[in-house]
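Working notes, beginning with the structure itself.
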């Protein structure tokens, strides 16, 4: 069943779906559908954990929702595009919740439904994005503002709204988790990427500071920082829909990371024992030795010449 925030804040979502045995509730002037609390069962004798995965309509977010479902997790898949979420729900059994994380009322609606529907053990925040490759002097301020909203402020909104429930989850199960998917762009600046550098560095600081603020509580704060990942939409959206330019970014690169690669790492981090915190995981394809050093062409060992 699709849970959908409706109204102006939900962007293009427009309507509110009906759901069997559901009640219609309101918050901050918006309507959203709440369903009966799902039964949190068990897998191989272990209590099933529930995670919120944002950005779940495509790319790393979708792959992570699928990876966690395959490993026995209950997943609440969050994104703006309801049609994509409905497909994911049908294929995986994840619960879909359509919302815009740049809108306070949407985030509060998500928190309210989660509070009514069962425990929460993990927040996996993947939603974000980049716009443009302009130099600082030529960049559009609205592009930078958008990147700050979707990468940094959405992180703060989610933590503020969901941390009380994560604390309850930790109290009942021993620990809880937050995962922030940033980027190697948070670690190293590059020309034409400064707006994205700044936004992802800001998100990384949210994770680093939150870890300090939660010291003494059994809540892990994990940052996953991928380098070059080839997905269907990230670079295409960044370059304004120019598919030829997007394809050129990856031209000749042997085996860029995939969304599934990153999802596997996220799932691994979440499934380690609760006392193990993987503070920062930086991952790149072998062809990318650093942010500025990328091999194009086949990789091969430099064997001695006879």
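The values are calculated or read from the model by the stated rules, or taken from the named source; none is laboratory data. This structure is a prediction, so every number in the text was calculated from the model and none was measured. Quick reminder, even Gly has a Cβ in these numbers, built from the backbone with ideal geometry, and neighbours come from all protein chains shown.
Please state which one of 94, 51, 90, 82 is within 14 Å of the chain's Cα centre (by Cα) and modelled with pLDDT of 95 or more.
51
It is to be established whether one or more residues within the stretch 113-134 are farther than 27 Å from residue 224 by Cα, without any contact (Cβ under 8 Å) to a residue 12 or more places away in the chain and assigned to a helix (DSSP H, G or I).
Within the stretch 113-134, none of the residues are farther than 27 Å from residue 224 by Cα, without any contact (Cβ under 8 Å) to a residue 12 or more places away in the chain and assigned to a helix (DSSP H, G or I).
When you check residue 246 against the structure, is it in contact with a helix residue (DSSP H, G or I) (Cβ under 6 Å, 6 or more places away or on another chain), crowded, with 19+ Cβ neighbours inside 10 Å and within 30 Å of residue 50 (Cβ to Cβ), yes or no?
No: the conditions fail for residue 246.
Quick check: anything in the stretch 202-211 more than 16 Å from the chain's Cα centre (by Cα), surrounded by 22 or more Cβ atoms within 10 Å (Cβ to Cβ) and at pLDDT 95 or above?
No, because not a single residue in the stretch 202-211 is more than 16 Å from the chain's Cα centre (by Cα), surrounded by 22 or more Cβ atoms within 10 Å (Cβ to Cβ) and at pLDDT 95 or above.
On the basis of being assigned to a helix (DSSP H, G or I), crowded, with 17+ Cβ neighbours inside 10 Å and out of contact with any helix residue (DSSP H, G or I) (no Cβ under 9 Å at 6 or more places or on another chain), does residue 144 make the cut?
In short, no.
Go through the stretch 84-108 and give me each residue that's without any contact (Cβ under 8 Å) to a residue 60 or more places away in the chain and in a helix (DSSP H, G or I).
Of everything in the stretch 84-108, those that are without any contact (Cβ under 8 Å) to a residue 60 or more places away in the chain and in a helix (DSSP H, G or I) turn out to be 84, 87, 88, 90, 91, 92, 107.
Could you look through the stretch 160-184, keep only residues that are crowded, with 24+ Cβ neighbours inside 10 Å and under 24 Å from residue 136 (Cα atoms), and pick out the one that is nearest to the chain's Cα centre (by Cα)?
182
Counting only residues that are in contact (Cβ under 8 Å) with a residue 24 or more places away in the chain and under 30 Å from residue 69 (Cβ atoms), give me the strands (runs of 3 or more DSSP E) lying completely in the stretch 191-296 with at least 2 of them.
Those strands (runs of 3 or more DSSP E) span 219-226, 280-283.
Do we find that residue 139 is surrounded by 24 or more Cβ atoms within 10 Å (Cβ to Cβ), touching a helix residue (DSSP H, G or I) at 6+ places or on another chain (Cβ under 7 Å) and either touching a residue at least 12 places away in the same chain (Cβ under 8 Å) or under 16 Å from residue 2 (Cα atoms) (or both) in this structure?
Criteria not met by residue 139.
Just to verify a result, which residue in the stretch 66-83, among those that are assigned to a helix (DSSP H, G or I), in contact (Cβ under 8 Å) with a residue 40 or more places away in the chain and touching a strand residue (DSSP E or B) at 6+ places or on another chain (Cβ under 6 Å), is surrounded by the most Cβ atoms within 10 Å (Cβ to Cβ)?
68
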